[in-house]
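Just below is one structure, and these are the notes that go with it.
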């Protein structure tokens, strides 16, 4: 039986690249999105649309849709990216990023925890901008806060899941050419997804809860 991968935020960018690459490798893929693009529909994935990962009722719908289905790899990829500074502040934007980037991945993982079995893997797509030690330029207050919060929560969840023989990776994709950053990145979504898939392949209980760059470098907290 094919292994089952669930990807949130799968409509475009890295998420869509995950979907296509896992399908090409023979995996069964479920793509979780608010709105499905024609490209995603054509990918051959099982698409669950109408799911806003910050909405508790939508996550209940997702849980029911996947009831009884084993999930071998859960990739929490959905996210938003905005910029605030003391000179240009937007508290609503900060709250949105914390809800989408930090709380929603925990909400999804909590809802699907019974679908995970011994040997399953969870990937949290974060950013090195969540690293406090690595911050040398400031700004992006909400994004940095949200990813630092996700990293902290993910470490705790990794410890809990390890007792069930489930491992968790905290993964920075790199500076990727996506709409989120105005396509200003230095690697394509396809390259990022390929590297991330390799990190997920290498994930096990000995390195669970580690903060990785997609290139294999361990990042500072």
Legend entry - Residue selected from region 54-93 under the condition in contact with a strand residue (DSSP E or B) (Cβ under 8 Å, 6 or more places away or on another chain) and under 24 Å from residue 129 (Cα atoms), by the criterion surrounded by the most Cβ atoms within 10 Å (Cβ to Cβ): 75
Inset, instruction - Determine whether region 174-188 contains at least one residue that is surrounded by 14 or more Cβ atoms within 10 Å (Cβ to Cβ), modelled with pLDDT of 95 or more and not in a loop (DSSP other than H, G, I, E, B). - result: no
Inset, instruction - Within region 26-44, track down each residue that is in a loop (DSSP other than H, G, I, E, B), touching a strand residue (DSSP E or B) at 6+ places or on another chain (Cβ under 8 Å) and within 25 Å of residue 103 (Cβ to Cβ). - result: 33, 36
Inset, instruction - Could you tell me which numbered condition residue 51 fails, if it satisfies all but one of (1) in a loop (DSSP other than H, G, I, E, B); (2) touching a helix residue (DSSP H, G or I) at 6+ places or on another chain (Cβ under 9 Å); (3) surrounded by fewer than 18 Cβ atoms within 10 Å (Cβ to Cβ); (4) without any contact (Cβ under 8 Å) to a residue 60 or more places away in the chain? - result: (3)
Legend entry - One residue from 171, 161, 205 being touching a strand residue (DSSP E or B) at 6+ places or on another chain (Cβ under 7 Å), part of a helix (DSSP H, G or I) and either at negative phi or crowded, with 20+ Cβ neighbours inside 10 Å (or both): 161
Inset, instruction - Please state which of the following conditions residue 96 fails to meet, knowing it meets all the rest: (1) surrounded by 18 or more Cβ atoms within 10 Å (Cβ to Cβ); (2) at pLDDT 95 or above; (3) closer than 25 Å to residue 6 by Cα. - result: (1)
Legend entry - Some residue of region 14-21 being under 25 Å from residue 209 (Cβ atoms), touching a helix residue (DSSP H, G or I) at 6+ places or on another chain (Cβ under 8 Å), part of a strand (DSSP E or B) and at pLDDT 95 or above: no
Inset, instruction - Filter region 109-142 down to residues that are in a helix (DSSP H, G or I) and over 22 Å from residue 32 (Cβ atoms) and give me whichever is farthest from the chain's Cα centre (by Cα). - result: 141
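The values are calculated or read from the model by the stated rules, or taken from the named source; none is laboratory data. Since the structure is predicted, the reported quantities are computational estimates derived from the model, not experimental observations. Note that each Cβ is placed from the backbone with ideal geometry, even for glycine, and that neighbours are counted across all protein chains shown.
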